[in-house]
Amino acid sequence: MSPDERRKTIRELAAKASRDQLLTAVLDALADTESAQRALDYDDFGIGGCRDGRVVEAEYAARSGVGDDVERSILTALRG
């Protein structure tokens, strides 16, 4: 499924979802952002540090940035 198709499906399902389903979706999204924003550790740099630190840090910044955007969107929607 393409990203566009996936987003369309999510919008359709969200329009019909129960309160509990929506709450579960939001809490799962928060768990995913927390995982994406975890601190870097030794494993991120590969066996023996074979991955370039700049690449690892760029990946972390991207994940963290997306997590921030998702959390900000959830806060904005919940605050009305």
Quiz item: Are there any pairs with C-beta distances below 9 angstrom linking a residue in the stretch 5-25 that is open to solvent by 80 Å² or more (accessible area, probe 1.4 Å) and at pLDDT 95 or above to a residue that is part of a helix (DSSP H, G or I) and among the acidic types (Asp, Glu), with the two at least 6 apart or on different chains, and if so which?
Solution: none
Quiz item: In the stretch 42-67, what count of residues is obtained for those that are of a type in the set (D, E, K, R), free of Cβ contacts under 8 Å to residues at least 24 places away in the same chain and part of a helix (DSSP H, G or I)?
Solution: 5
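The values are calculated or read from the model by the stated rules, or taken from the named source; none is laboratory data. Only a predicted model underlies this, so the values are computations on that prediction, with no experimental measurement involved. With ideal geometry, Cβ positions are generated from the backbone for all residues, glycine too; neighbour counts draw on all protein chains shown. The accessibility values were calculated without ligands, DNA or RNA, using every heavy atom of the protein model including side chains. Shrake-Rupley method; radii C 1.70, N 1.55, O 1.52, S 1.80 Å.
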